[in-house]
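The numbers here are math on the coordinates, done by the rules we state, and not lab data. All of these numbers come straight from a predicted model, not from anything done at the bench. Cβ: placed from backbone, ideal geometry, glycine included. Neighbour counts: every protein chain shown.
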Amino acid sequence: MTDLHIHANRLTPQMRSVLERMARAGHPPLYTRTPQDARTAYAAGADVLEIPKPVLPRVEDFSIPARDGHPLPARLYAPSPQDAGPLPVLLYTHGGGFTIGSIATHDILCRELARLAGCMVVSLDYRLAPEHRFPTATNDAWDALAWLHANATRLGADPARIAVGGDSAGGTLATVSAILARDAGLPLALQLLIYPGCAAHQDTPSHTRFASGLVLDEPAITWFFGQYVTTRGQREDWRFAPLHADDVDGVAPVWMGLAECDPLVDEGVDYADKLRAAGVAVDLEIYRGVTHEFIKMGRAIPEARQAHADAARALRNAFQLE
């Protein structure tokens, strides 16, 4: 019996079909490649299952300076021209295990969030491992958020209405940025967290239950994390594993979207519980029968389009757009 058959009863028919097609394609797993080859392969397939690319009236590439002066590429998406008045803004950090992914691989998702939510989205190309190991990605994400807050007006954004968001490793970065923002007195409207990594070690039941046969498996997680964190101490640093944060009191409210059939689902629920115990408002959605990465499969997976709509509604509510 194959690993996919073990999970078949949990998966939606559409999700099962996607996984079967992926298996038939027979591409070597990302974790068997060099980081550069993995980036190229991920980029080549990034839009295959995406919805058609939404057209927006304003899309601009620019850069944000990191603390060491490195220019971080960024892309601004807006559903209205700059002269239409200030828009609330979401700073988005892409997924990819801190090792792969880019503005380009998450272009359609960011366009759709801007279109549906009626807000600006700024997507960030933080530096990737292994060339740039922990905590570079965290530092880049925080530097971008602080810069965005200070420079929102010149972009046509409202500095009083900023949210952070991301998927997978990008969700981890958004989570950490929200804690740093609280500490710095920088108010945020929302954390938009899509199956974020939250735990130090792959030791929850869902890591065992979904260790193989799905989009994200145990060898891939181990490979990604091995590129980024090199010691046990780094793994247990809250900037890698937000569940280790001493205190999450007073962080921004959260919308969290998790995939049921995902090694990361339990740690997402655990982090939602930690937030709620600290009095933080949490809106948690678990999309049944789908896997990690489903958010970028809107052409094939109805739950992806539902998650787009749910995330956009959370942004509109947080930004008081409705």
Over the Cα atoms of the range 196-322, compute the convex hull volume and normalise it per residue, giving Å³.
117
Taking Cα centroids, how far is the range 12-52 from the range 201-230 in Å?
17
Over the Cα atoms of the range 36-100, what Rg and Dmax result, in angstrom?
15.0, 42
Long-range share for the range 3-318, i.e. C-alpha pairs more than 28 Å apart as a percent of all pairs, stands at 33
For 184-195, 17-28, 244-255, ranked highest to lowest by mean beta-carbon neighbours within 10 Å, the order is 184-195, 244-255, 17-28
Distance in nm between pseudo-label sites at T153 and D183 (7 Å out along the Cβ direction from Cα):
2.9
Can you tell me the orientation of helix 169-184 relative to the chain, as the angle in degrees between its alpha-carbon axis and the longest Cα principal axis, to the nearest 10?
40
Compute the distance from the alpha-carbon center of the range 261-322 to that of the range 137-183, in whole Å.
19
Rank G289, T230, A104 by how far each Cα sits towards the positive end of the charge dipole of the chain (+1 on Lys, Arg Cβ; -1 on Asp, Glu Cβ) and give me just the farthest.
A104
Kirkwood Rh and Cα-based Rg: tell me the resulting Rg over Rh for the range 80-214, rounded to two decimals.
1.00
